[in-house]
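Asker: Dumping the structure here so I can ask a few things about it.
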Amino acid sequence: MTQQADVVVVGGGQAGLAVGYYLRRQGVYFEILGSDPAPGGSWQQMWDSLHLS
């Protein structure tokens, strides 16, 4: 069975991840679409101390 997303977030950078955080808190089923191989956008190259959990 395939579940259909209520919301699609375009972009897996800082803003997209922040939106995803708040959508999850509200219990909304969503998908984040991004072109980078990993989430976080420029955070990955700028700050070594940042870790997604």
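The values are calculated or read from the model by the stated rules, or taken from the named source; none is laboratory data. Please read these numbers as outputs of a predicted model, since none were measured by experiment. We place every Cβ from the backbone using ideal geometry, glycine too, and count neighbours over all the protein chains shown.
Asker: Please determine whether any residue of the range 18-35 is at pLDDT below 90, under 11 Å from the mean Cα position of the chain (by Cα) and in a loop (DSSP other than H, G, I, E, B).
Answerer: Looking through the range 18-35, at least one residue is at pLDDT below 90, under 11 Å from the mean Cα position of the chain (by Cα) and in a loop (DSSP other than H, G, I, E, B).
Asker: Within the range 1-10, can you find the residues that are at pLDDT 90 or above and either farther than 24 Å from Met46 by Cβ or surrounded by 13 or more Cβ atoms within 10 Å (Cβ to Cβ) (or both)?
Answerer: Residues of the range 1-10 that are at pLDDT 90 or above, as a first pass: 4-10.
Answer for the range 1-10, where residues must be at pLDDT 90 or above and either farther than 24 Å from Met46 by Cβ or surrounded by 13 or more Cβ atoms within 10 Å (Cβ to Cβ) (or both): Gln4, Ala5, Asp6, Val7, Val8, Val9.
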